[in-house]
Amino acid sequence: MSATQQAPGQLPVLIVGGAVTGLSTAVFLGRHGVRSLVVERHPDTLSHPRSRGVNPRTVELYRQVGLERAIWSEASLATDFSKLLMIRAETLAGPEMFSGPTDQPDPTGGVSPCEWAPIDQDRLEHLLRDRAAALGAELAFGTELVSFDQDADGVTALLRDAADGSERTVRAAYLVAADGSRSPVRQRLGIVADGPGEFATTLSVLFEADLSRAARGREVGVCYLDKPAPSTILFAHDGEQRWIFATAMPEGESLETMTEERAVGLVRDAIGEPDLAVRIVPQLPAGGAKWLSFVIGAQVARDYRSGRVFLVGDAAHLVPPTGGFGASLGIQDAGNLAWKLAAVLDGTAADSLLDTYHAERHPVAWMTLQQALGMMQERTGPEGEGQEAGPDPAEAYGTTVFGYRYGDGPPVPPHALNGEPGTRAPHVELDRAGERISTLDLYGGAPVLLTAEGGAAWARAAGAVAEETGVRLDAYRVGGDGATLTAPDGGIAKPYGIGEDGAVLVRPDGFVAWRAQGAADDPRAALREAVRALYPAPH
């Protein structure tokens, strides 16, 4: 059997892990017409918020699958983030060591139609579950992966129902591991992780309490506290009564030994009110566990691929929570991998396309890890540390969010994105029959050939190349006679770094694959070569 074909009766993709990255993988695969089975050992989506939002680049990916409006309808805090405070203190009730705005630096500067979205992970996961199911994914909560083996043609996995212990075997063309920072799949593959490693195991509690006395009129967003242990964090959840508390797991204790009395005592220590009334919110809608633990650390898996198995999200990389990069980094892994799996599964591209997943995403994880480590030091180090003059925070943050590139070369500041191959395609506002859209709205399905008003020859070549290669191409000409798209603010040539007779090939994930700055003697041959570089011919 060809490596680019799926055996009869074989599942296209098995996804292990049904949290935000695994569900996003299922959604992005479904967008490309690929069915998947998602298995998750927990019986339901956790109630704990965990991550507090996704960055603008991630919102762009969700916009491509029709989720942007739903995300904003579920935004976690009605309060404007710019009005909330970031506080450094021993306890919330105690004197401040530092106080400042808690809003993220604005990395967009007009380079995106999307904004940082303050949606808690539990709410986002419910949206993703619904969309994944609507796009054909099968969701199996309360199901764990027992073992797996792979061969040249696929992966055989043994699954167990957590409720009754029954087992079944499934066969999939590929397995995607989204099973967390201590990924059993990664361990089974023998893939090591490089970097500083794990710093601490954190106890996290979602609770309800009236903190008005300790807050003293301050609108609190996030607090970095020294009690009950250094680097304790307190987050506002709903801006009113619900809060998230996270601290280092006390020495000699664990989730299993933790009691409600002990957990409430730790929360009271952080607030600085020994008699505070605290109600702990269960982690699952049906009740049960009332707290969870997670690992804080910094590490990157040495390999993201082993045969037919791929690592995404925390299974591939663990970054400190500062900056809110973790969830977005994993979601963008999924966006990179999904279109490549789809192209190989339908025979459009050779299996070698999948090797580019590690080559492209591995350096991005390292860059993001360094940014998050720097921000962690600024926020939790000794008073005044990290406050010296340095790079503009908004530009540094924006470069991490938008400026990473696939291929050689340094990251690009957001305002300098200009259509160079390997970088995220620029946002240009377009008019389509009176409707204002973004160039980014053209991407997400098939690869796109985008031309300026003098690019009719390129557009004609696209049809011929698609027929020759079997790679569907969506061609759009912006401006000129008969064009359905116009750019009211000056066209797309300058933002994309081409002449009026040039063209750009944009990948399904919105990154520029190739660019011709002007006309070509043989546009068909030039475009064919570009398409085959992007989609290696299957054997």
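Using Cα pairs closer than 8 Å and at least 6 residues apart in sequence, work out the relative contact order for the stretch 402-464, in percent.
On the way: 55 pairs, mean separation 10.9, N = 63.
With pairs under 8 Å counted, the relative contact order is 17 percent.
Taking the Cβ of G444 as the center, what net charge do the other residues with Cβ under 11 Å away carry, scoring Lys and Arg +1 and Asp and Glu -1? List each step's numbers first, then the result.
Details: positive: R31, R63, R507; negative: E60, D441, D474, D509.
Within the 11 Å Cβ shell, the charges total -1.
List the lysines whose alpha-carbon lies under 30 Å from that of K290, not counting same-chain residues fewer than 8 positions away?
Result set, ordered by chain and number: K227.
Which ordering of V146, V278, V65 is given by a fewest-first count of other beta-carbon atoms within 10 Å?
Values: V146 13, V278 21, V65 18.
Going from sparsest to densest Cβ surroundings: V146, V65, V278.
Taking every Cα atom in the stretch 228-280, find the radius of gyration and the maximum pairwise distance Dmax, and write them in Å.
11.2, 34
Could you work out how much longer the chain between T201 and A289 gets when fully extended? Use 0.36 nm per residue separation minus the Cα distance between them, nm to one decimal. Intermediate results must be reported in sequence, preceding the final value.
Working: separation 88, 0.36 × 88 = 31.68 nm, distance 1.71 nm.
Result: 30.0 nm gained on full extension.
Based on the Cβ-Cβ distance from E378 to R302, what FRET efficiency comes out when R0 is 35 Å, to the nearest 0.05? Display every interim value, and only then the final one.
On the way: r = 29 Å, r/R0 = 0.82.
For E378 and R302, the calculated efficiency is 0.75.
Report the calculated FRET efficiency for R279 and E167 (r = Cβ-Cβ distance, R0 = 45 Å), to the nearest 0.05.
Values: r = 39 Å, r/R0 = 0.87.
The computed FRET efficiency comes out at 0.70.
Arrange the following residues from fewest to most other Cβ atoms within 10 Å of their Cβ: L534, L341. Could the numbers behind the result be given before it?
Working: L534 20, L341 25.
Fewest-to-most Cβ neighbours within 10 Å comes out as L534, L341.
Percent relative contact order of the chain, based on C-alpha pairs within less than 8 angstrom and at least six residues apart? Numbers along the way, then the final one.
Details: 1184 pairs, mean separation 85.5, N = 539.
Computed over the chain, the figure is 16 percent.
Bin by bin, in steps of 10 Å, what percent of the Cα pairs in the stretch 196-295 do you find, going until the bin that has the longest distance?
All Cα pairs considered, the percentages come to 15, 52, 28, 5.
Can you tell me how much longer the chain between D489 and E260 gets when fully stretched, taken as 0.36 nm per residue apart minus their C-alpha distance, in nm with one decimal?
Numbers: separation 229, 0.36 × 229 = 82.44 nm, distance 5.94 nm.
Going from the current span to full extension adds 76.5 nm.
Any idea how far the Cα center of the stretch 233-255 sits from the one of the stretch 30-76, in Å?
Comparing the Cα centres of the stretch 233-255 and the stretch 30-76, I get a distance of 23 Å.
Once you place label points 7 Å from the Cα toward the Cβ at N418 and A456, how far apart are they in nm?
In this crude label model, N418 to A456 measures out at 3.0 nm.
If you take every DSSP beta bridge whose two residues both sit in the chain, what share of them, in percent to the nearest 5, is antiparallel?
Values: 65 of 91 bridges.
Given both bridge residues lie in the chain, the antiparallel proportion sits at roughly 70 percent.
Fewest Cβ neighbours within 10 Å first, please rank T247, T484 accordingly. The partial results should precede the final answer.
Numbers: T247 23, T484 11.
Sorted ascending by nearby Cβ count, the order is T484, T247.
Find out how many positive minus negative residues lie around D303, taking Lys and Arg as positive, Asp and Glu as negative, among other residues whose Cβ is under 12 Å from that of D303. Before the final figure, lay out the partial values.
On the way: positive: R186, R302, R305, R361; negative: D194, D355.
With Lys, Arg at +1 and Asp, Glu at -1, the neighbours total +2.
Could you tell me which residue out of L284, S166, L430 lies farthest along the dipole of the chain toward its positive end? Charges go on the beta carbon: Lys and Arg +1, Asp and Glu -1, centred on the Cα centre.
So the residue furthest toward the plus end is S166.
For the stretch 500-539 and the stretch 405-459, write down the distance between their C-alpha centroids in whole Å.
Taking the Cα centre of each part, the stretch 500-539 and the stretch 405-459 sit 13 Å apart.
For R432, put the label point 7 Å out on the Cα→Cβ axis and report which residues of the stretch 30-64 keep their amide N under 12 Å from it.
Flagged as within label range: 64.
Could you work out [θ]222 nm for the chain from helices alone, using -39500 (n - 2.57) per DSSP H run of at least four and dividing by all its residues? Round to the nearest 500 deg cm²/dmol.
Mean residue ellipticity, 222 nm, calculated: -8500 deg cm²/dmol.
Whole angstrom only: what separates the Cα centroid of the stretch 181-217 from the Cα centroid of the stretch 294-326?
Their Cα centres are 13 Å away from one another.
What nm distance separates the two modelled labels at S73 and F98, each placed 7 Å from Cα along Cα→Cβ?
3.9
So for the stretch 196-295, averaging the separation of alpha carbon pairs under 8 Å that are six or more residues apart and normalising by length, what relative contact order in percent results?
On the way: 161 pairs, mean separation 39.3, N = 100.
RCO, the stretch 196-295: 39 percent.
For helix 326-345, report the angle its Cα long axis makes with the longest principal axis of the Cα atoms of the chain; keep it between 0 and 90° and round to the nearest 10°.
On a 0 to 90 degree scale, this one is about 30.
Here, each number is a calculation from the coordinates, and none is a lab measurement. Remember, predicted model here, so these are calculated numbers, not experimental data. Every residue, glycine among them, receives a Cβ derived from its backbone with ideal geometry; neighbour counts consider all protein chains shown.
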